[in-house]
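> Sharing a structure, written as structure tokens. Questions coming.
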Amino acid sequence: MPTIVDRRSTRVSGGSKVADPIAINGEIDSTPQKRKLRSSSTTEDSRVTSDLTPSPLKSSPSKWKSPRRCVNDSPKSTPNANRGAKAVNLSKSPVKRRLSESFLEKPMWNPKDMEQLNGVKEALHVSRAPSNLVCREVENNRILEFCKQAVEQEKAGSLYICGCPGTGKSLSMEKVNKVLVNWAEESGFQAPDTLSLNCSSLSNTSDIFGKILDKIKLRRKINSCTSPLQYLQKMFSDKQQSAVTKMLLIVADELDYLITKDRAVLHELFMLTTLPFSRFILIGIANAIDLAEKFLPKLQSLNCKPAVVTFRAYSKDQIISILQQRLKAFPYTVFQPQALELCARKVASASGDMRKALWICRSAIEMLESDIRDSINSLDLPSLHGGVSDQQRDCACDKALIHESNVVRVDHVAIALSKAYRSPVVDTIQSLPQHQQIILCSAVKLFRGKKKDATIGELNISYLDICKSTLIPPAGIMELSSMCRVLGDQGILKLGKAREEKLSRVTLKVDEADITFALQGIRFFRNCLQQS
């Protein structure tokens, strides 16, 4: 019976190789080579079986690896070879890189370096305007085309921009204004003057007309008996007077502050763009999406209905793109990809407010700082800003643990999210006296399951058990009843009436999760609530 030889070159215990029967010196050799075995008494059948079936008892320089651990690995391939093949495949793969892959491209940052730390915080600050505004290209193009058309034709017009807070309305308008000025200079048109104002800063709504006159520099020509609005109306009804003025771009932010009972100021402002020789380009910005539905019908009847551009709330993918765009300038990784995704998902589902997402990211970095300070203090090392060399720190701390703790993790973002979106009830519970907190803890334990209410007597039993376990002197049942009334006045408990005080029914009026979250910072409350 002929010996079956594997096509690959395999090693045996003696360290010798079996030659490849397919090609030797460029020629095909069909003669199987004999294998050197330890025992000469081994039969040829056992030799065939050993060649066919890989035995785990064989001594081999490469360890057996399950093919499930890596899709691209073969079971007998060496770890180094597999790692090299992976790197080649990743670098040549045309597949779009995921967030986790981009996370692995950069080295970890060092939050102990104050220059790096301050740089990241500054990049994530709300007041820091990015060089390139992403995820708002469609809205920006619509605004820019509107302004270009008005400048080219020297024709007045009005535009209303609406959207939820933190969706990039004001920032988009700033970018569009800069692009418009550059375009006008390159195209040979006269760039319009710009008046940007926040209507919430006006002491009187009609003051906006005086601000417009101040920008045109005609305030000194007004008679004391003529109001700024009347002068503007007269000026832009006369061709000779309006011809000497440049086009004026008015950006009125927080436009809803101009709404009065009769909405006269708002209507008069938009009607200035309909005058025969008007030189105004009016762009109003407001958070209220339904504001357009309220005042547009009236403006339409006055023949001054503005065009409308709506800024939708940011989605999860858009929030991730904006955060990555702010962090891509740094040559190191600051956030775990899962942490960024958690922040984006929560903010997108709640409001889509990008300012809230930036605040949460900065708060998560502060959580990381706190963790690093605690770890240094626990190791009895000098403070974070102390004059200790890097060599001393490396000797005191395990490098792997430091490397892992240098990025903002999911738990840091989770804490920041809980601070940003927690219920106001949590602050109330955390400010309560200790015994009232114990009563709430007793109620949570008592109402677990299907039970939704209990008597004062039953609540007192649960209250006494917690006091006994924590060695805190308990209050009497009458004092317990009065504390329940106080909690009822604050809207936390609902206390019924009964002939006897201990028979009064008690019900929770707040979510149990809020009580658990509020009390989890105290160890004995946390241990008590974790017990079944």
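> Taking interchain pairs and intrachain pairs at least six residues apart, which have beta carbon atoms under 7 angstrom, with the first residue in region 163-182 and free of Cβ contacts under 8 Å to residues at least 60 places away in the same chain and the second buried (at least 21 other Cβ atoms within 10 Å of the Cβ)?
If the second residue must be buried (at least 21 other Cβ atoms within 10 Å of the Cβ), the pairs left are V176/I143; V176/C147.
> Find the residue count for region 471-489, including only residues that are crowded, with 16+ Cβ neighbours inside 10 Å and not aliphatic (A, V, I, L, M).
Residues in region 471-489 being crowded, with 16+ Cβ neighbours inside 10 Å and not aliphatic (A, V, I, L, M): 4 in total.
> From the residues in region 183-203 that are open to solvent by 80 Å² or more (accessible area, probe 1.4 Å) and assigned to a helix (DSSP H, G or I), which one is farthest from D256 (Cα to Cα)?
Per the criteria, the residue is E186.
> Using the structure shown, decide if Q530 is open to solvent by 40 Å² or more (accessible area, probe 1.4 Å), within 16 Å of Q434 (Cα to Cα) and at pLDDT below 80.
Values: open to solvent by 40 Å² or more (accessible area, probe 1.4 Å): yes; within 16 Å of Q434 (Cα to Cα): no; at pLDDT below 80: yes.
In short, no.
> I've got another one for you. Can you pull out the residues in region 425-460 that are aliphatic (A, V, I, L, M), more than 33 Å from the chain's Cα centre (by Cα) and not in a helix (DSSP H, G or I)?
A454
> For region 417-426, name all the residues that are touching a Ser or Thr at 6+ places or on another chain (Cβ under 8 Å) and in contact (Cβ under 8 Å) with a residue 60 or more places away in the chain. Steps first, answer last, please.
At the first step, the residues of region 417-426 found to be touching a Ser or Thr at 6+ places or on another chain (Cβ under 8 Å) are 419-420.
A420 - this is the single residue of region 417-426 that is touching a Ser or Thr at 6+ places or on another chain (Cβ under 8 Å) and in contact (Cβ under 8 Å) with a residue 60 or more places away in the chain.
> Using the structure shown, decide if I250 is surrounded by 14 or more Cβ atoms within 10 Å (Cβ to Cβ), in contact (Cβ under 8 Å) with a residue 60 or more places away in the chain, aliphatic (A, V, I, L, M) and closer than 19 Å to N140 by Cα. Write out each step before concluding.
Details: surrounded by 14 or more Cβ atoms within 10 Å (Cβ to Cβ): yes; in contact (Cβ under 8 Å) with a residue 60 or more places away in the chain: no; aliphatic (A, V, I, L, M): yes; closer than 19 Å to N140 by Cα: yes.
Considered against the rule, which asks whether it is surrounded by 14 or more Cβ atoms within 10 Å (Cβ to Cβ), in contact (Cβ under 8 Å) with a residue 60 or more places away in the chain, aliphatic (A, V, I, L, M) and closer than 19 Å to N140 by Cα, I250 comes out as no.
> Return the pairs, sorted by first residue and then second, in which the second residue is of a type in the set (D, E, K, R), the first residue lies in region 340-358 and is open to solvent by 10 Å² or more (accessible area, probe 1.4 Å), the beta carbons are less than 6 Å apart, and the residues are 6+ apart or on different chains.
R345/K316; A348/K316
> Follow-up question, since we're still on this one. From the residues in region 142-157 that are under 34 Å from the mean Cα position of the chain (by Cα) and touching a residue at least 40 places away in the same chain (Cβ under 8 Å), which one is farthest from A243 (Cα to Cα)? Spell out the reasoning first.
So the first thing to find is which residues in region 142-157 are under 34 Å from the mean Cα position of the chain (by Cα), and the list is 142-147.
Remaining after also requiring touching a residue at least 40 places away in the same chain (Cβ under 8 Å): 142-143, 146-147.
Values: R142: 28, I143: 25, F146: 22, C147: 19 Å.
Step by step, filter region 142-157, then rank; the result is R142.
> Are there any pairs, at least 6 apart or on different chains, whose C-beta atoms fall under 7 Å, with the first in region 432-445 and on the phi > 0 side of the Ramachandran plot and the second at pLDDT 90 or above and in a helix (DSSP H, G or I), and if so, which?
As it stands, the answer is none, since no pair meets every condition given.
> Just checking, how many residues over region 148-182 are surrounded by 15 or more Cβ atoms within 10 Å (Cβ to Cβ) and not in a helix (DSSP H, G or I)?
Qualifying residue count, region 148-182: 12.
> Let me ask something additional. Considering only residues that are more than 21 Å from E369 (Cα to Cα) and part of a loop (DSSP other than H, G, I, E, B), which ones fall in region 329-356?
A329, S351, G352, D353
> Regarding R312, is this residue at pLDDT 90 or above and open to solvent by 40 Å² or more (accessible area, probe 1.4 Å)? Break it down stepwise before answering.
Values: at pLDDT 90 or above: yes; open to solvent by 40 Å² or more (accessible area, probe 1.4 Å): yes.
Yes, satisfied.
> Working only within region 332-361, note down all residues that are within 24 Å of P107 (Cβ to Cβ) and over 10 Å from the mean Cα position of the chain (by Cα).
Those that are within 24 Å of P107 (Cβ to Cβ) and over 10 Å from the mean Cα position of the chain (by Cα): Y332, T333, V334, F335, Q336, P337, Q338.
The values are calculated or read from the model by the stated rules, or taken from the named source; none is laboratory data. This structure is a prediction, so every number in the text was calculated from the model and none was measured. Glycine also receives a Cβ, built like all others from the backbone with ideal geometry; neighbour counts cover every protein chain displayed. Just so you know, the surface numbers come from the protein's heavy atoms only, side chains and all, with ligands and any DNA or RNA stripped out. Shrake-Rupley method; radii C 1.70, N 1.55, O 1.52, S 1.80 Å.
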